[in-house]
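The values are calculated or read from the model by the stated rules, or taken from the named source; none is laboratory data. This one's a predicted model, so the numbers in the text were calculated from it and none came from an experiment. Don't worry about glycine lacking a Cβ; one is built from the backbone with ideal geometry, like all the others, and counts go over all protein chains shown. For the accessible areas, the whole protein counts, side chains as well, though only heavy atoms, and no ligand, DNA or RNA atoms are used. Shrake-Rupley method; radii C 1.70, N 1.55, O 1.52, S 1.80 Å.
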Amino acid sequence: MNDVLPDASPVWLHFEAVCREWLVAYGYKQIRTPIVEPTPLFVRGVGEHTDIVEKEMYSFEDSLNGEKLTLRPEGTAGCVRACIEHGLLYNQTQRLWYTGPMFRHERPQKGRYRQFHQLGVEAFGFATPDIDAEMIVMLADLWRRLGLTGMTLEINTLGDTAERAAHRAELIAYLEKHQDVLDADGKRRLYANPLRVLDTKNPAMQEMAENAPRLRDFLGEESRKHFDVVCALLDDAGIAYKLNPRLVRGLDYYNRTVFEWTTDQLGAQATVAAGGRYDGLVEQLGGKSVPGVGYAIGIERILLLLETQGVTVPEDVPDVYVVNQGETAARLAFGVAQSLRLAGFKTILHCGGGSFKSQFKRADACGARFAVTLGDDEAAKGLAAVKCLTGARMGEQIVLPLAEVAAFLRGF
Ligand code: ATP
Ligand code: MG
């Protein structure tokens, strides 16, 4: 779990600012849910036979009533829970987003942490493929807005329940024939979640997985058409994608469209955003049957990518540093600084006294465009010295009545 120190926070703020505008552009509204939820919500919502539920959750008992609780490992289950609880899914559609820390007990490495942050998007009440495509297209747009390049899109379709069941039967038969190459996870999931066996990173199982029966061959007319429309909309939007029949995603709840945006610039932690359609989830969590589509972005991985690609982030530098020396000057400077802030200037008041020289050093170091200086002599006459610290007019200085400083800075 990481601290984000002041030097690192500007890139977080930049990401969040870009995302806010971007989400508004697509009509998404924010939802904020608790970081702690009852454990059964994730067992039911994420799936019993997933990595998350099997080994990654931070779970504990409430010491007051013994209730089993978990630090959220992902945001979709909590979001669906809240929507059901507050009746947000009756005869209406929702386009929602959330962001915040998620917790998974994983082996920490670059791009993989035990507390990490996601920005997630969920849309409810949309059964048609346009929303699937919109989700993918809006991510391509985000990469553009952030200045990121070289992202790869992989997509697949998982079909519907009946199609998956038919495929599942053949897949189990196939896996039974290849028991000898299955690792411990594979053997354990053979009957519980055979599709997940194919999602293995184990090199020894790759060839077996490649040749396994493909879900694509079991798709019915409706599912195939749904996927074809998603692909056509992506083609129309000029977005390149790879069809990856082995993409099944780690979570149990997906159906039809699944997708991942990856990069080859982060080593093993290649997936930066992932999601898909989950039409059965709301009902599984106790609501009425409402279709859903969503994805989550791994924020740390995006920030690592921004750094790797040398994308510069706008710096938030102050406009004015207020230098002051002497009791009267200090008292006036306090008011001057506040009036400058109210006039719209980002202003740092030098607090704590010290020589003019040391104060000017700080003014330079913070990158402020102007120093406004009050000594006791000027202060007694109601004057301040304004000095330009940066740019072509660096070094220019003028002495002004205090009341005129803001207007002067505005016109400079
Ligand atoms: P991975 O295969 O990398 O473990 P996942 O399938 O478990 O990813 P999801 O549950 O789909 O990941 O979460 C969406 C995104 O959140 C991931 O694509 C990734 O960018 C990010 N993410 C997931 N786990 C972590 C983690 N432990 N640390 C940092 N980011 C993470
Ligand atoms: Mg994982």
Query raised in the report: With the other protein chains left in place, how much accessible area per residue, in square angstrom, belongs to region 320-411 at a 1.4 angstrom probe?
Result: 55
Query raised in the report: Against the longest alpha carbon principal axis of the chain, how many degrees, from 0 to 90 and to the nearest 10, is the axis of helix 327-342 turned?
Result: 40
**Report entry** Accessible area in the full protein assembly, largest first, 1.4 Å probe, for ARG246, ARG331, ARG145
**Finding:** ARG331, ARG145, ARG246
Report summary line: With the 8 Å Cα cutoff and a minimum separation of six or more residues, region 332-412 has a relative contact order in percent of 20
**Report entry** Candidate lysines - alpha carbon under 23 Å from LYS68, same-chain residues fewer than 8 apart omitted
**Finding:** LYS55
Query raised in the report: How much of the accessible area of the chain, probe 1.4 Å, is carbon plus sulfur, in whole percent?
Result: 52
Query raised in the report: Using the Karplus equation 6.51 cos²θ - 1.76 cosθ + 1.60 (θ = phi - 60°), what ³J(HN,Hα) coupling, rounded to whole Hz, does each residue of region 163-168 give in order, writing x for Gly and Pro?
Result: 5, 5, 5, 5, 5, 4
Query raised in the report: By how many degrees, 0 to 90 and rounded to 10, does the Cα axis of helix 221-236 deviate from the longest principal axis of the chain?
Result: 30
Query raised in the report: Taking only C-alpha pairs under 8 Å that are 6+ residues apart, what is the relative contact order of the chain in percent?
Result: 15
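Could you please report the charge total around TYR28, scoring K, R as +1 and D, E as -1 over all other residues with beta-carbon less than 12 angstrom from its beta-carbon?
After counting each charged neighbour, the total is 0.
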Query raised in the report: Restricting to the chain, what percent of DSSP beta bridges are antiparallel, rounded to 5?
Result: 80
Query raised in the report: What does the accessible area per residue of region 1-53 come to in Å², with a 1.4 Å probe and no ligands, DNA or RNA counted?
Result: 59
Query raised in the report: With every protein chain present, what accessible area does TYR113 have (1.4 Å probe, heavy atoms only), rounded to the nearest 10 Å²?
Result: 50
Query raised in the report: Ranked by accessible surface with a 1.4 Å probe, highest first, in what order do LYS357, LYS387 come?
Result: LYS357, LYS387
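Determine the sum of side-chain charges near PHE356: Lys and Arg each +1, Asp and Glu each -1, restricted to other residues whose C-beta is under 15 angstrom from that of PHE356.
Computed value for this residue: 0.
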